[in-house]
Amino acid sequence: KPFVARSQISQPPPRRPTGGAQMAGANADPAPAGGEAVTEVVKEAAGQSEAEVGAEGGQEAPTAEGEKAGEAAEDGAAAAASAEAKKTLGNTAFQAKRYPEAIQHYSDAISEAGAAALGVYFSNRAVCHAALNDWSSARADAAEALRRPGGLTKKALFQKARAELKLKLVSEAEATLRLAEEQGLRKDVEKLLGDEAAGLPSVASKQSAAAKAAANGAAAAAAPASARSSEEAPAAAAPAAAGADGGDAAAKAKEAGTLKYKEGSYREALAEYKRALELLADDDVERRAPLLGNIAAAHLMLKQADDCCSVCEQALGLNPQNAKMRARLATALVAKGDFAAARSALNGESGDAALSNAAKLIADTEQQLATAEAALANGEPAKALGSFAELDTKALFCYPTLALNMGRCYLELKNYPRVLNATQQVLRANPRNIDALVLRSEALYRNNEANVDSAPWVEPLEQGQRLLREALSFDPDHAGAQSMWKRLKLLCAKQKELREAFGSREFQKSREIIDVMVEQGHDNNFLLASLYCQRALCGLRMKEWPAVIKDVGQATYRNHAMVQPYLYRAQALQALERFDDAVKELEGLFGWHREQNVYDKLQEAKFAVRKHKRANFYELLGIATVASQPEIKKGYREKATEWHPDKKGHLDEAGKKAAEAMFKRIVEAYEVLTDPAKKEYYDKGYDLEGIEEQMELKKRQGHGHGHGHSHGHSAPSGHCGSGHCC
């Protein structure tokens, strides 16, 4: 029977135990590493400016959102894994341009993740809404993505701005572009918008200014030298004038910076504040100190904690009694995770509102961090991840240890691409971070889905060894790096031995090597599944069928998405003559892995069931399977005489019926074994029904004419053909 091509590949059956949720993150999205919008807590801690921006309000206390995120994540690793799997299904549907289906999958992912839903879920859904011209929904999802961990991306900003332009919300689109500019992404977003951005006043004015400047430049180049000389003369005197009235120029620059700060354009504000500072004299302490405060506030809003600390220390050198500056310094130190230094910056004072708010921020952040770390230690990575993500957004946005803790959560949740992403960001900032090198090598080790008997299997392990050697060059006594390096080195050596032993058909030795590797890889389900699958193959070669079934169970328990172990188990069941069980095994596999080779194996298993259940015609006639035609006829005569109904008249009714049935089977055996075509099919394993089907098929193909023995055969000599002996 021909196999009908599948329309889609189903997911593995949920009934199989997995020993841990599998993540479908084949699609690596950026990990939340501080690109999202700064919360109100940081804004108030940053302040604005002492003179122009106005007095700072009371600092907003940390909310209970962290606790809510933890409660929403209490479903554990399975919920996070399920959300990632739903996102992967959404990506597949989007690529096939099935946008409503993709929207449903992304919505399911958001529902599964709850409060810990990442920005990428919303930005992906926004793209689908945009493809369906549902601009209101696209704008809402893009806006939500910008508020979520890891959501402040070029894609989300572009989707929001485009939707607002489609909805004629020009001022809102301008605000979105300003946000993009703060993140250094405005040019990229405008490039994506293309001609659509021309309708924005800011873009149009830039284009007009550029055109005007180009025209002026051309005119100036064409003017006579004498004219240019007369025009350049006043310009030469400009620096002197500015020096004479530097205070006014500084005030204007500071005012321009304040306007940019209020608009949320912190990079532009910072540039104006620095320009104003350069215009002031070094001894103008009265004006330099507040301006340094403005610069520190801009740095803090841009999440530049080191720069903020440096500027705060300069300002405190000019005015050590400035409470707002000390509060701002404490906030920047908290962002770096240095709680002791943050408390020291406050000098133990609590009378000032800014200092009190900073002290509360320190205490609340430290407590939430300790709670999240305890959740991770207690085996609750999803709950811990929700708290870490909120801390990353709210306060600890320049704390590498927090990024590593989030990476450890992803490691426990088996989302290895995100671990690699998180460690890469830490290593970019500090290539000598040993903890990041060790964590990255562990992610490479665990994310290895290649078969253990294949050459590519060692590649990520060798890459991990290189990272660990680098870590040990910084700290030769680092216990974690030493232990991991020894393990990866041993596994690579044993894998080489395994390939050599298996290639030499030393299957028992192969199993012994696998046992050593299982002991080393006890915490890696991908590795264990591959090892047990290879061990089952050794059992097949040695024809130890119960051992094969046991090893397959170990493999599928740890990774139920593997296909080969199910085929091995079906083969072992057939060898044990458990043909019905083999069919059930392959039917279950074909239900979620609809591939041609599985279909073929299933048909073979069904054929084996029919072959096993058919009558053994050779045994019925008491002859060997290689008997000649005379031997077949002789055997038939003997058995027909023994079981002829006329010779069973002394039996009761049940005995007579049994004898008649036996006699009929003997006649069937004779008819099949004396017909060359039927005998050929029977010897191949076909039962009577299968033989008739093949004969009929042969006739339809025009190859069955001329035999004359399709349903009957002349009785042997001495037999009348009536079914009774003469």
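The values are calculated or read from the model by the stated rules, or taken from the named source; none is laboratory data. The model shown is predicted, which means the values in this text are computed figures rather than measured ones. Don't worry about glycine lacking a Cβ; one is built from the backbone with ideal geometry, like all the others, and counts go over all protein chains shown. Side chains are part of the model used for accessible areas, which takes the heavy atoms of the whole protein and leaves out ligands, DNA and RNA. Shrake-Rupley method; radii C 1.70, N 1.55, O 1.52, S 1.80 Å.
Residues checked against (1) farther than 26 Å from residue 678 by Cβ; (2) more than 24 Å from the chain's Cα centre (by Cα):
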| site | (1), (2) |
| --- | --- |
| 531 | yes, no |
| 542 | yes, yes |
| 592 | yes, no |
| 609 | no, yes |
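Evaluate the following for residue 288: is it of a type in the set (Lys, Arg) and over 22 Å from residue 186 (Cα atoms)?
Spelling it out, residue 288 is indeed of a type in the set (Lys, Arg) and over 22 Å from residue 186 (Cα atoms).
One residue is enough: does region 467-483 have a residue meeting the conditions open to solvent by less than 20 Å² (accessible area, probe 1.4 Å) and closer than 17 Å to residue 520 by Cβ?
Within region 467-483, one or more residues are open to solvent by less than 20 Å² (accessible area, probe 1.4 Å) and closer than 17 Å to residue 520 by Cβ.
Answer yes or no as to whether residue 97 is in a helix (DSSP H, G or I) and at pLDDT below 90.
Criteria not met by residue 97.
Do the conditions hold for residue 88, that is, is it modelled with pLDDT of 85 or more and either open to solvent by 30 Å² or more (accessible area, probe 1.4 Å) or assigned to a helix (DSSP H, G or I) (or both)?
Yes: the conditions hold for residue 88.
Looking at region 606-623, which of its residues are open to solvent by less than 60 Å² (accessible area, probe 1.4 Å) and touching a Phe, Trp or Tyr at 6+ places or on another chain (Cβ under 7 Å)?
Listed by number, the residues that qualify are 608, 609, 617, 621.
Taking region 258-296 as the region of interest, how many residues are closer than 18 Å to residue 179 by Cβ and touching a residue at least 12 places away in the same chain (Cβ under 8 Å)?
Selection size over region 258-296: 12.
Would you be able to say whether some residue in region 446-455 is touching a Ser or Thr at 6+ places or on another chain (Cβ under 6 Å), touching a residue at least 40 places away in the same chain (Cβ under 8 Å) and not polar (S, T, N, Q)?
The answer is yes, given that some residue of region 446-455 is touching a Ser or Thr at 6+ places or on another chain (Cβ under 6 Å), touching a residue at least 40 places away in the same chain (Cβ under 8 Å) and not polar (S, T, N, Q).
Scan region 292-306 and give yes if some residue there is β-branched (Val, Ile, Thr) and either open to solvent by less than 20 Å² (accessible area, probe 1.4 Å) or at pLDDT 90 or above (or both), otherwise no.
yes
So which residues in region 399-457 are among the β-branched types (Val, Ile, Thr) and buried (at least 18 other Cβ atoms within 10 Å of the Cβ), if there are any at all?
Of everything in region 399-457, those that are among the β-branched types (Val, Ile, Thr) and buried (at least 18 other Cβ atoms within 10 Å of the Cβ) turn out to be 419, 423, 426, 434, 438, 452.
For region 69-82, does any single residue satisfy the condition of being in a helix (DSSP H, G or I), aliphatic (A, V, I, L, M), modelled with pLDDT under 80 and in contact with a Gly (Cβ under 6 Å, 6 or more places away or on another chain)?
The answer is yes; a qualifying residue exists.
Exactly one of these conditions fails for residue 95: (1) crowded, with 24+ Cβ neighbours inside 10 Å; (2) farther than 29 Å from residue 263 by Cα; (3) free of Cβ contacts under 8 Å to residues at least 24 places away in the same chain. Give me its number.
(1)
Tell me, yes or no, whether region 390-409 has at least one residue that is more than 26 Å from residue 361 (Cα to Cα), touching a residue at least 60 places away in the same chain (Cβ under 8 Å) and under 21 Å from the mean Cα position of the chain (by Cα).
Taking every residue of region 390-409 in turn, none turns out to be more than 26 Å from residue 361 (Cα to Cα), touching a residue at least 60 places away in the same chain (Cβ under 8 Å) and under 21 Å from the mean Cα position of the chain (by Cα).
Looking only at helices (runs of 4 or more DSSP H) that fall completely inside region 457-542, which ones have 2 or more residues that are of a type in the set (Val, Ile, Thr) and in contact with a helix residue (DSSP H, G or I) (Cβ under 8 Å, 6 or more places away or on another chain)?
507-520
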